[in-house]
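A short reminder: the numbers here are calculations on the coordinates, not readings from a lab. Keep in mind that this is a model prediction, so the values were computed, not measured. All Cβ positions, glycine included, derive from the backbone under ideal geometry; neighbour counts span all protein chains shown.
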Amino acid sequence: MTATEEILSFNKKNYSLFAAGIISIIIGYIFLSKGSITVAPILLVLGYVILIPTSIIIK
């Protein structure tokens, strides 16, 4: 295994966290369009700041 393959190798956990982040972001924007000013920012921050970076960092 080369260094590039080791750096870019994502497993099922990474893809699951990334998908959860994308779903959280989509639901957050849906809530935002409906006028929710409490739940929408929480979901967007959860997706952008926690789930997506975690899916990239975790090995």
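The residues of the stretch 30-59 that are surrounded by 13 or more Cβ atoms within 10 Å (Cβ to Cβ), among the hydroxyl-bearing types (Ser, Thr, Tyr) and assigned to a helix (DSSP H, G or I), listed by number, are Tyr48, Thr54, Ser55.
When the stretch 7-21 is filtered for residues that are exposed (fewer than 14 other Cβ atoms within 10 Å of the Cβ) and assigned to a helix (DSSP H, G or I), the ones remaining, listed by number, are Ile7, Leu8, Lys12, Lys13, Tyr15, Ser16, Ala19.
Of the numbered criteria (1) touching a helix residue (DSSP H, G or I) at 6+ places or on another chain (Cβ under 7 Å); (2) within 27 Å of Lys59 (Cα to Cα), the one Phe31 fails is (2).
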